[in-house]
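Participant: Pasting in a structure now, in structure tokens, and then I'll have a few things to ask.
The values are calculated or read from the model by the stated rules, or taken from the named source; none is laboratory data. Here the structure is a predicted model, which is why all the values come from computation and not from measurement. For neighbour counting, all protein chains shown are included, and Cβ atoms are generated from backbone atoms with ideal geometry for every residue, glycine included.
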Amino acid sequence: MRSLLFVPGDSEKKLDKGFATGADVVIVDLEDSVAPDRKPAAREISAEFVAARRGAAAPRIYVRINDLDSGMADADLAAVIAARPDGVMLPKCASSADLARLSVKLRVHEAEAGLADGATSIIAIMTETARGLLAASSYLQPMPRLAGLTWGAEDLSADIGARQTRDAAGRYTDVFRLARAMTLLAATATESAAIDTVYVDFRDLAGLAAECAEAERDGFTAKMAIHPAQVPVINSAFTPSLESVEEARALIAAFAEAGNPGVVGIGGKMFDRPHLRRAERLLARAGPIV
Ligand code: COA
Ligand code: MG
């Protein structure tokens, strides 16, 4: 999972188009990109879309429902779970307790639809409120269903009353950098995918590429997109290069040849267990892609 493309759930045209963009995941959105009076139509259109497209080799399909305190989440789940999306994206997640709340709801809908318990995965947006960000330390171990964690800047800025999310030089200001860092740490602790937030200026592909490169450097393995043009840029940034795959293979082989010690020297440089773990993770990520 490298790219996750948001598509408004009330737009049949965009749903069709989004499915053919090469995105690894299509996120059918029932939340912010759908106006309140369009929610019922969006639920119907989304369920039909998921039912028609499920089982295709790619992309995977997630549905972003409305948050658990919106009063709309139950109707969202009732409309879409029987259509069998691969997963649900939970916005404005207040803490890992919300994941448990959502899991209980999913279990009921799965049972009603004759699906296996646990058939639906979860990706959570964990920094959209101050409360959610402060609860980052509640994500401490792997949780059933949790496939990934991501962060959002726009809703957080509204919550705290920040007028901008970036400074004059275009860098995120402190609170948003904190949100980004906490997401990375929480994803690591829960052994789920660390997914970087959207880049809203969708005509600026050079800016997107630079932000992808920074995210990949820091440990994110995927990024969300809002426009089809962003998908190839993201896919390319998060596909491990052949060179890095070869390096990782050589490192793993060197440890094995040396009898799996704590540390090896290769070409005059020291490599120890953290390097080995990083190499193994890179290969696991490259597996389905390269
Ligand atoms: N998924 C699928 N198709 C999309 C798309 C998306 N996210 N964004 C744009 N397209 C389509 C357009 O419909 C258009 O199709 P057409 O050529 O057949 O008319 C084509 O791609 C080019 O779009 P463009 O004219 O460049 O952009 P736009 O002005 O139509 O749309 C947005 C701009 C921002 C409204 C649109 O990209 C969008 O809806 N993005 C997703 C928003 C979202 O889900 N936000 C919630 C998460 S933050
Ligand atoms: Mg939002």
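Participant: Output the number of residues of region 17-37 satisfying the condition of being in contact (Cβ under 8 Å) with a residue 12 or more places away in the chain and more than 16 Å from ligand 2 (Cβ to nearest atom).
Facilitator: Of the residues in region 17-37, 9 are in contact (Cβ under 8 Å) with a residue 12 or more places away in the chain and more than 16 Å from ligand 2 (Cβ to nearest atom).
Participant: Follow-up question, since we're still on this one. Please determine, by comparing only the residues of region 185-233 that are closer than 16 Å to ALA147 by Cα and within 16 Å of ligand 1 (Cβ to nearest atom), which one is surrounded by the most Cβ atoms within 10 Å (Cβ to Cβ).
Facilitator: Going through the qualifying residues, I end up with ILE195.
Participant: Residues that are within 14 Å of ligand 1 (Cβ to nearest atom): find the helices (runs of 4 or more DSSP H) completely inside region 1-82 holding 3 or more of those.
Facilitator: The qualifying helices (runs of 4 or more DSSP H) are 12-19, 39-53.
Participant: Against the condition at pLDDT 95 or above and more than 16 Å from ligand 2 (Cβ to nearest atom), how does ARG2 come out, does it pass?
Facilitator: It is true that ARG2 is at pLDDT 95 or above and more than 16 Å from ligand 2 (Cβ to nearest atom).
For (1) within 16 Å of ligand 2 (Cβ to nearest atom); (2) more than 17 Å from VAL200 (Cα to Cα); (3) assigned to a helix (DSSP H, G or I); (4) modelled with pLDDT of 95 or more, each residue gets a yes or a no:
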site: LEU140; (1), (2), (3), (4): no, yes, no, yes
site: MET143; (1), (2), (3), (4): no, yes, no, no
site: ALA147; (1), (2), (3), (4): no, yes, no, yes
site: LEU156; (1), (2), (3), (4): yes, no, yes, yes
site: ASP159; (1), (2), (3), (4): yes, yes, yes, yes
site: GLN164; (1), (2), (3), (4): no, no, no, yes
site: GLY170; (1), (2), (3), (4): no, no, no, no
site: ARG177; (1), (2), (3), (4): no, no, yes, yes
site: MET182; (1), (2), (3), (4): no, yes, yes, yes
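Participant: Additional query: In region 38-49, which residues are more than 15 Å from ligand 2 (Cβ to nearest atom) and surrounded by fewer than 21 Cβ atoms within 10 Å (Cβ to Cβ)?
Facilitator: ARG38, PRO40, ALA41, GLU44, GLU48
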